[in-house]
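The values are calculated or read from the model by the stated rules, or taken from the named source; none is laboratory data. Not measured: the values here are computed from a predicted model. Glycine gets a Cβ as well: all are built from the backbone with ideal geometry, and neighbour counts include every protein chain shown. For the accessible areas, the whole protein counts, side chains as well, though only heavy atoms, and no ligand, DNA or RNA atoms are used. Shrake-Rupley method; radii C 1.70, N 1.55, O 1.52, S 1.80 Å.
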Amino acid sequence: MAKSSKGSSDEQAAMAALSPFELKDELIKAAGGGAVERAANASMLNAGRGNPNFLATIPRHGFWQLGLFAMRESERSFAYMPEGVGGFPKREGLTERFELFLRENRGVPGIDFLGGAVSYVRDQLGLSAGDFLYEMCEGILASNYPVPDRMLKLSEIIVGQYLRREMIGKHPFVGEFDIFAVEGGTAAMTYIFNTMRENHLIKAGDTIALGMPIFTPYIEIPRLNDYQLNVVNLDADVKKNWQYSKKELDKLRDPKVKAFFLVNPSNPPSVKMDATSLEYIAEIVKERPDLILLTDDVYGTFADDFVSLFALAPKNTILVYSYSKYFGATGWRLGTIATHRDNVLDKLLAELPKDVKKELHHRYESITTEPDKLKFIDRLVADSRTVALNHTAGLSTPQQVQMVLFSLFSLMDTRDAYKNALKRLIRNRKQALYEEMGISFADDDPNQVDYYTILDMEFLGERMYGREFVDWLLTNTARPDLLFRLAREARVVLLPGLGFGTLHPSGRVSLANLNESDYRQIGRAIRKLTEEYVDRYNAASGKKLDKNKVL
Ligand SMILES: *Cc1c(COP(=O)(O)O)cnc(C)c1O
């Protein structure tokens, strides 16, 4: 595929149907980075991956040390058996033995952190240190099913504090929320779509709204035969620094729109929604109290002073969060779904027509004596294991332990040292990229998060060389062609922005996955390709654009 520079129109149509993540595989092949070539080919620069190349070490050290302590607990609770049989940890004297363990291992990475974490839980959160250690030891040994299945008790409180700090911050927030610990943002999305459908909150033929451009699964799931939803796009505007105009947000006033799905900060523009837009949506919700909002705030922790839509419209909003990006933990599969205790979903469930309620009563009667009162979030848990396996539902307990340690690490970091280090890292990469491209205006918006950056061909091309050049470029290059040329000639892989629903042809550069010098190299490759197109344009049009221009 895609050997010739243009490709046949059949090939182009096939490419256009691919999700950006599938197209990426084709681009990698074009860059000579297939499985066979990979070993010999260290020089391919794949900026298509959202997976970070950094990870949080301290809470991982904490995890392994806690594991050693828990193993000791298991072995001391049973008479010694050389065959390798241990028992459950014992609650009595646990804190004292833990103190001893800390003293014995002073100076070992992770030990200070663990000691600090237990103090934080006791002194700052007012929880019992012994109960906490017991939950963590049992959890890391993984010798019991997760109980409660939605989330372990103290773990929920601690993760709740973390979400409050990162997603709500100083914004006023009345009431409490429940959390379901899940296998990453991926599972969160799957579970939420499924339970909304099973519970008739969205039916085939219903309309939902999407904040575009957006992480592609949100575009693809509603189109599946399982869902068959109509979609209204709210388009963010590159000329407005990727914010939504009031006119776009006003589409949510239409009572036909049952739910609005948002990724904030966005993927791929990587810009957080500004305060005006958040407040505007909160105003619309007052007029439309039945509107369901879902906000996927995976990137919130990378933003300056982030406030989630969940803080402004808590009763209408399902909050999705994942530990994957911020802690470099995609392999752990750690995410959360949070809903306010007083929420529109439960209200809508109570208002369903009689016959539907009867059907749902039947669906959930095996797990509770009062199925009508089963909350939406508990329906998510049950549906995640086909209801019948509800008693063995829930996220594996070692996963919950690592989630708690990540959360505590962040809560204890009152000066935001880790956060600032990550921000510095990705922002320096971005600066390196743009500098080599000859562009200096890309850094002036406080809402930018810079986990990704979109190179919008029309927007950047027009600002650099004018409208006529862009028009010529658009008519003289096939769609994924520029991305394929970058892959073949410079071995640089970017994802096509159009696949995420951008309005203009563009490339998504992940700033998370490569080193600064790589971004310089990518910037130079893009610049070189652009200059070549300027030469061709000058030759074709007789114009004399200065290809060495910098902005
Ligand atoms: C990466 C990403 C996810 C997936 O997160 P996992 O926790 O790794 O499954 C979800 N939503 C968005 C917007 C993402 O970018």
Helix 94-104 axis, angle to the chain major axis (alpha carbon atoms, nearest 10°): 60 degrees
query: When DSSP assigns beta bridges and you keep just the ones with both residues in the chain, what percent turn out antiparallel, to the nearest 5?
result: 50 percent
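Assuming 0.36 nm per residue, please report the length gained on full extension of the stretch GLU22 to ALA540 beyond their Cα-Cα distance.
On the way: separation 518, 0.36 × 518 = 186.48 nm, distance 3.47 nm.
Result for the pair: 183.0 nm of gain on full extension.
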Contact order normalised by residue count of the chain, Cα under 8 Å, 6+ apart, percent: 22 percent
- prompt: Which lysines have a Cα less than 24 Å from the Cα of LYS29, not counting those fewer than 8 places away in the same chain?
  reply: LYS3, LYS6, LYS528
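Can you compute the FRET efficiency between ARG223 and PHE173 using 1/(1 + (r/R0)^6), with r the Cβ-Cβ distance and R0 = 30 Å? Round to the nearest 0.05.
Efficiency, from the Cβ-Cβ distance: 0.30.
Over 18 Å between Cα atoms: which of LYS240/LYS547; LYS256/LYS373; LYS256/LYS286 fall into that group?
Numbers: LYS240/LYS547 27 Å; LYS256/LYS373 27 Å; LYS256/LYS286 16 Å.
Going by Cα-Cα distance, LYS240/LYS547; LYS256/LYS373 fall outside the 18 Å limit.
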- prompt: Taking Cα centroids, how far is segment 61-116 from segment 244-277 in Å?
  reply: 48 Å
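Rg to Rh ratio, the chain, alpha-carbon atoms and Kirkwood radius?
Working: Rg = 25.7 Å, Rh = 25.5 Å.
A ratio of 1.01.
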query: Using modelled backbone amide H atoms (1.01 Å from N, in-plane), which distant-in-sequence or interchain residues come within less than 5 Å of VAL182's amide H?
result: GLY335, THR336, ILE337
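Would you mind calculating the relative contact order of segment 153-410 from Cα pairs under 8 angstrom and at least 6 residues apart, reporting the percent as a whole number? Write down the numbers at each step before the final one.
Details: 434 pairs, mean separation 63.0, N = 258.
Computed value for segment 153-410: 24 percent relative contact order.
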query: Does segment 156-266 come out rounded, prolate or oblate by the C-alpha gyration tensor, with a ≥ b ≥ c the root eigenvalues, rounded set by a/c under 1.5 and, if not, prolate when a/b is larger than b/c and oblate if not?
result: oblate
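Does segment 341-392 come out rounded, prolate or oblate, given a ≥ b ≥ c as the square roots of the eigenvalues of its C-alpha gyration tensor, rounded meaning a/c under 1.5 and, failing that, prolate meaning a/b above b/c? Please list the in-between numbers first.
Details: a/c = 2.14, a/b = 1.31, b/c = 1.63.
Because a/c hits 1.5 or more and a/b fails to exceed b/c, segment 341-392 counts as oblate.
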- prompt: HIS171 accessible area, nearest 10 Å², 1.4 Å probe?
  reply: 70 Å²
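Is the C-alpha gyration tensor of segment 153-410 telling us rounded, prolate or oblate? Criteria: a/c under 1.5 is rounded; beyond that, a/b larger than b/c is prolate, otherwise oblate.
On the way: a/c = 1.58, a/b = 1.10, b/c = 1.44.
Because a/c hits 1.5 or more and a/b fails to exceed b/c, segment 153-410 counts as oblate.
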task: Could you tell me how many degrees, from 0 to 90 and to the nearest 10, lie between the Cα long axis of helix 20-30 and the main elongation axis, the longest principal axis, of the Cα atoms of the chain?
output: 60 degrees
- request: May I ask for the angle, rounded to the nearest 10°, between helix 417-437 and the longest principal axis of the chain, with both axes built from Cα atoms and the value confined to 0 to 90°?
  value: 10 degrees
statement: Phi angles of segment 44-54, converted by Karplus (6.51 cos²θ - 1.76 cosθ + 1.60, θ = phi - 60°) into ³J(HN,Hα) in whole Hz with x for Gly and Pro, give 5, 10, 9, 9, x, 7, x, 5, x, 9, 10
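On alpha-carbon atoms, Rg over Rh for segment 58-144 using Kirkwood Rh?
Dividing the radius of gyration by the Kirkwood radius yields 0.97.
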- prompt: For segment 292-393, what's the radius of gyration and Dmax over Cα atoms, in angstrom?
  reply: 16.2, 48
- request: Give the calculated FRET efficiency between TYR80 and ALA142 to the nearest 0.05, with a Förster radius of 35 Å applied to their Cβ-Cβ distance.
  value: 0.95
Unit charges on C-beta of K, R, D, E only; dipole of the chain, Debye: 860 debye
